[in-house]
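Contents: one structure, followed by commentary.
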4 protein chains.
Amino acid sequence: MSKDETQSTVKSAMKMMGAHVINAVDELKDDQVGAVIDHILSARKIFVIGAGRSGLVGRAFAMRLMHLGLRVFVVGETITPAVEKGDLLVVISGSGETQSVVDLAKIGKYLGAKMISITSNPKSKAARHADVLIVLGKRVKTNEMDYLERQVRGTHRSLAPLGTLFEITSMVFLDGIIAALMEITKKREMDLKLRHATLE
Amino acid sequence: MSKDETQSTVKSAMKMMGAHVINAVDELKDDQVGAVIDHILSARKIFVIGAGRSGLVGRAFAMRLMHLGLRVFVVGETITPAVEKGDLLVVISGSGETQSVVDLAKIGKYLGAKMISITSNPKSKAARHADVLIVLGKRVKTNEMDYLERQVRGTHRSLAPLGTLFEITSMVFLDGIIAALMEITKKREMDLKLRHATLE
Amino acid sequence: MSKDETQSTVKSAMKMMGAHVINAVDELKDDQVGAVIDHILSARKIFVIGAGRSGLVGRAFAMRLMHLGLRVFVVGETITPAVEKGDLLVVISGSGETQSVVDLAKIGKYLGAKMISITSNPKSKAARHADVLIVLGKRVKTNEMDYLERQVRGTHRSLAPLGTLFEITSMVFLDGIIAALMEITKKREMDLKLRHATLE
Amino acid sequence: MSKDETQSTVKSAMKMMGAHVINAVDELKDDQVGAVIDHILSARKIFVIGAGRSGLVGRAFAMRLMHLGLRVFVVGETITPAVEKGDLLVVISGSGETQSVVDLAKIGKYLGAKMISITSNPKSKAARHADVLIVLGKRVKTNEMDYLERQVRGTHRSLAPLGTLFEITSMVFLDGIIAALMEITKKREMDLKLRHATLE
């Protein structure tokens, strides 16, 4: 494979992922976006749950919620306390079937927490237990994407293997939620900066 | 703020981030993309270094490198061994000035490792020590982005506070590198899946 | 509570924990200690599994196994690969009933791995699935401990709440295993030091 | 090396570590133990800092402080906020010279936090910046230890390589501090259990 082909693959993959993010906007249902915001603002404590790269996306979201002054914890980190009634789970799982994630979600629900599920699989266990369901990362066929794929002589999948599209779209969606929370709570960038870890 | 305005903010932020990713492609210099690939394929061991959300982006990349069968470690995790000559550091820092990240990069260089820096600040310390420098996440003004921003009566920053644009663009860029590595090493999605953690 | 009483509590608690560690030695069964060593030395890859403070004890052990040059991973960290036949699970759980830990252990066994369980509960699920079972942290009544407890007018438990005795005894036991592995593999302290993370 | 010798090494190492913990009690200075307790109870927020196995000991301590209802964070985890005047750093470093740990401690001090240093090196940088200094893990020669060492024909070091004695003694010391905090704040084991993570 030549240098030119390599660079062309990197660029086509990036354009395809960017296009996927933009197309995902049209898949969002308005009342569900509002429900995510409402649940976050009314929760006593927020717990982010996810495994693998979905778990990393969840942590990126948790860090911003902390910057906004909300009480948020990452399941599996050291100082995460007990779940109680009035708390909120934010569950991120592309397949919606990761065993440990589903188990934790069930226990949290049993303890009285509400649950937002972000998944690419609306028929999964993580989806079925949700109070608010956000479906992201489904592969949308467009002429532009077809063109990008053909260009690299590969398949859609080889440009974004496994859960890549879901993970990137989830990260962007959750950063969009942060933008809305900043507006609603009238927080400016400087307010977030002041809470940002000074020891890192 | 009304429900409609909230939803409009989420969607505008997502579209803006997607557009930013696509625009970032034109900022990439071809020889640097090739140099990233070459350094990764010729490294004995790869060490990913980053703090905060940049560190999470680094971990997402490290997981895919492991899926590809490469020897990769995340600085700060439990089983990360010593750096030696012939190793590669992948340093991710939006500001390029995070103290602990710069310190670690210097020590790694001193021990004989090569270094790829991914930053939005080409004049930073992380940039100056780099063997390969990738600059991402600079704010590119386009008519489309102006429109998105005006629409929400906010500033560019409030739609993507602090390092958000850098973090998302870095994640997409590094996933583009994975797509190219899959092609070069002739790995299919199934090869990655077989290495994916079965305990998670 | 006076300053003197506070200091007396700290010291009594420490003496009690030290005594507990020494007493635990007599509870170990010789053939099981040998089986732990044999399984570690013959494993293709080693996976450490644990939640909470038991998980931290597991990571401390994993770091030393890495120092010894063995292929070891911590379940839940970024670059942990798939479990295969010939691999070894080291499961650490005081209660032996932590849901996620038991689930992961079962999956690992199903995939063909062997399993060492370290627990204070020989009747737990984690114990039942084990190929090698090490029971530690049971509260052994001795005259010396009775004296220490009476001295602080508290109960045994208040000097070492929840799984504290198990966690400390496990950590010391696993460091004892490291001492034996060093002897068997003829590794000196300097060999470990050379593999110790230089970026931390 | 025979099976008997292996088992004898494990047991001698454990007894040696237990004896070391008990001997460490006599090294503690009373006013410093009291100062640790006072600083913890009067801190606005507590930040635990450490690398490698010392960092794991710090996390085990942080988890118990959370169980006691205190506001505590682990530097490097996701939701750790900014340090402010009135906060407390708990720095754990055997050598007292780990670069990143010393850097973080200096920044924290500069931002107005108080600092407890736990180290085996009273002349280290981590020791010099401390408001309260606890020295642990120095090797104390006793007849009993001499006997244990000769028994395995090794050196003291090979039974507990690198910082092992410091790490175990620190863990036990900090668990002793937890015992005293429980007494002072009149918390029972059940109070801790109620705050313990239900999702793990």
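Worth pointing out:
- Cβ-Cβ under 8 Å pairs, at least 6 apart or on other chains, the stretch C:110-129 side part of a strand (DSSP E or B), far side open to solvent by 10 Å² or more (accessible area, probe 1.4 Å) and among the polar types (S, T, N, Q): C:THR119/C:SER95
- Filter pass, B:GLY112 being among the small types (Gly, Ala, Ser) and open to solvent by 10 Å² or more (accessible area, probe 1.4 Å): yes
- For the stretch A:50-82, the tally of residues that are in a loop (DSSP other than H, G, I, E, B), without any contact (Cβ under 8 Å) to a residue 60 or more places away in the chain and within 12 Å of chain B (Cβ to nearest Cβ) stands at 2.
- Matching residues, the stretch A:156-166, being buried (at least 24 other Cβ atoms within 10 Å of the Cβ), in a helix (DSSP H, G or I) and more than 16 Å from the chain's Cα centre (by Cα): A:LEU159
- Residue check for A:GLY137: within 18 Å of the chain's Cα centre (by Cα), among the small types (Gly, Ala, Ser), within 30 Å of A:ILE107 (Cα to Cα) and at pLDDT 90 or above: no
- Residue ID - least open to solvent (accessible area, probe 1.4 Å), chosen from residues in the stretch A:50-88 that are among the charged types (D, E, K, R) and within 23 Å of A:PRO161 (Cβ to Cβ): A:ARG53
- Residue check for C:VAL102: β-branched (Val, Ile, Thr) and crowded, with 24+ Cβ neighbours inside 10 Å: no
- Scan of the stretch C:55-93 for residues that are under 13 Å from C:ALA43 (Cβ atoms) and of a type in the set (Asp, Glu), ordered by number: C:GLU84, C:ASP87
- Subset tally (residues that are more than 21 Å from D:GLY112 (Cα to Cα) and more than 10 Å from chain C (Cβ to nearest Cβ)) for the stretch D:13-49: 1
- Subset of the stretch A:30-70 (residues that are of a type in the set (Ser, Thr, Tyr) and out of contact with any Phe, Trp or Tyr (no Cβ under 9 Å at 6 or more places or on another chain)): A:SER42
- Unique residue being at pLDDT 95 or above, within 30 Å of B:THR80 (Cβ to Cβ) and touching a Gly at 6+ places or on another chain (Cβ under 7 Å) when the list is C:ILE92, C:ILE177: C:ILE92
- Residues that are touching a residue at least 60 places away in the same chain (Cβ under 8 Å), in a helix (DSSP H, G or I) and open to solvent by 50 Å² or more (accessible area, probe 1.4 Å) within the stretch A:6-31 comprise just one, A:LYS15.
- Within the stretch C:83-103, considering residues that are in a loop (DSSP other than H, G, I, E, B) and under 17 Å from the mean Cα position of the chain (by Cα), the one farthest from C:LEU136 (Cα to Cα): C:THR98
- Residue, least open to solvent (accessible area, probe 1.4 Å), within the stretch C:34-49, restricted to residues that are out of contact with any helix residue (DSSP H, G or I) (no Cβ under 8 Å at 6 or more places or on another chain) and not in a helix (DSSP H, G or I): C:LYS45
- Pick from the stretch B:167-200, criterion open to solvent by 10 Å² or more (accessible area, probe 1.4 Å) and of a type in the set (Ser, Thr, Tyr), ranking: farthest from A:GLY50 (Cα to Cα): B:THR185
The values are calculated or read from the model by the stated rules, or taken from the named source; none is laboratory data. From a predicted model like this one, the values you see are computed outputs, not experimental measurements. Glycine also receives a Cβ, built like all others from the backbone with ideal geometry; neighbour counts cover every protein chain displayed. Just so you know, the surface numbers come from the protein's heavy atoms only, side chains and all, with ligands and any DNA or RNA stripped out. Shrake-Rupley method; radii C 1.70, N 1.55, O 1.52, S 1.80 Å.
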